[in-house]
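The values are calculated or read from the model by the stated rules, or taken from the named source; none is laboratory data. Keep in mind that this is a model prediction, so the values were computed, not measured. All Cβ positions, even for glycine, are placed from backbone atoms using ideal geometry, and neighbour counts span all protein chains on display.
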Amino acid sequence: MNTKGKSILIVEDDPKIRQLMKIYLEKEGYEVWEAEDGEQAMQMYETYDPCFTIIDLMLPKVSGEAVCQWIRKEKQSDSPIIMVTARVSEEDRINGLKIGADDYVTKPFSPRELVVRVETVLRRTSNRCNKISYHGLTIKPLKGEVNFKGNSLKLTGNEMKILHLLMQHPNQILSREQMITELYPNDEKFITERTIDVHVRNVREKLSQMEAPDCIQTIRGMGYKFVAY
């Protein structure tokens, strides 16, 4: 399964469990953010807009149930959620699913099982997570939205196309000819390499204004590369 650009927020107050989940998920290519309580979880969600959230129900400050309901009702997000808990009753599991969770994992659990469950839920909900995210920079092509750490970035249609294409191929060099072929298949005769350069420069300038990382590199004589740090 392609996990490039898939970001996951882990909300777990036990640092050992949180770290173990992070290690296994990062090993599979996910970008992982961490929160140790419900209040921090909502702040992190606002900032990073993750593709996926794993929430422990028993959290300090704000409960896991409240965080899940906040994501669904206040943020009006349908991004996938897995709930993790030590509770084992059928009623608890049903309640978790009713308030918006896509799956329910009971402690103790195998980190490998958790990874498989994440992949299964992502396959089932792939149409709900059409976004790519690297280090706080998130693009949602279907909605025409780009943001950096929760702040909206205003791009033209062409600028968004170019950024999306580059983010779809992290750490790969794309030639200007490739980009023209991919982005303008019916207008190749009218689009020049200079056009690509102008759009890329504009994207870079707008990212710089947002104090976002300089993630688009010019590879002399070859093209451009989106660097996924």
Looking at (1) more than 16 Å from the chain's Cα centre (by Cα); (2) among the acidic types (Asp, Glu); (3) surrounded by 18 or more Cβ atoms within 10 Å (Cβ to Cβ), which one does residue 49 not meet, given that it meets all the others? (1)
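If you go through the stretch 124-131 one residue at a time, do you hit one that is in a loop (DSSP other than H, G, I, E, B), hydroxyl-bearing (Ser, Thr, Tyr) and either surrounded by 18 or more Cβ atoms within 10 Å (Cβ to Cβ) or within 15 Å of the chain's Cα centre (by Cα) (or both)?
Residues of the stretch 124-131 in a loop (DSSP other than H, G, I, E, B): 125, 129-131.
Those still in the list that are hydroxyl-bearing (Ser, Thr, Tyr) too: 125.
Cutting the leftovers down to either surrounded by 18 or more Cβ atoms within 10 Å (Cβ to Cβ) or within 15 Å of the chain's Cα centre (by Cα) (or both) gives us 125.
Yes.
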Out of all the residues in the stretch 107-116, is one or more touching a strand residue (DSSP E or B) at 6+ places or on another chain (Cβ under 9 Å), in the same structural domain as residue 25 (by TED's automatic domain parsing) and closer than 19 Å to residue 49 by Cα? no
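Quickly run through the stretch 1-38 and pick out the residues that are part of a helix (DSSP H, G or I) and either exposed (fewer than 15 other Cβ atoms within 10 Å of the Cβ) or among the aliphatic types (A, V, I, L, M) (or both). Don't jump to the end; show me each part of the working.
Of all residues in the stretch 1-38, those part of a helix (DSSP H, G or I) come to 15-27, 38.
Across the stretch 1-38, the qualifying residues are 15, 16, 17, 19, 20, 21, 23, 25, 26, 27.
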Among the residues in the stretch 86-97, are any closer than 20 Å to residue 35 by Cβ and in contact (Cβ under 8 Å) with a residue 40 or more places away in the chain? no
Inspect the stretch 109-118 for any residue being free of Cβ contacts under 8 Å to residues at least 12 places away in the same chain, more than 21 Å from residue 46 (Cα to Cα), touching an Asp or Glu at 6+ places or on another chain (Cβ under 9 Å) and in a helix (DSSP H, G or I) and give the result as yes or no. no
So the check is Cβ under 9 Å with 6+ separation or different chains; which pairs have a first residue in the stretch 14-29 that's more than 17 Å from residue 86 (Cα to Cα) and a second one that's among the acidic types (Asp, Glu) and outside any helix (DSSP H, G or I)? 19/34; 22/34; 25/31
State which residue is modelled with the lowest pLDDT when the search covers only the stretch 171-206 and only residues that are in a loop (DSSP other than H, G, I, E, B) and either β-branched (Val, Ile, Thr) or touching a Cys at 6+ places or on another chain (Cβ under 9 Å) (or both). 191
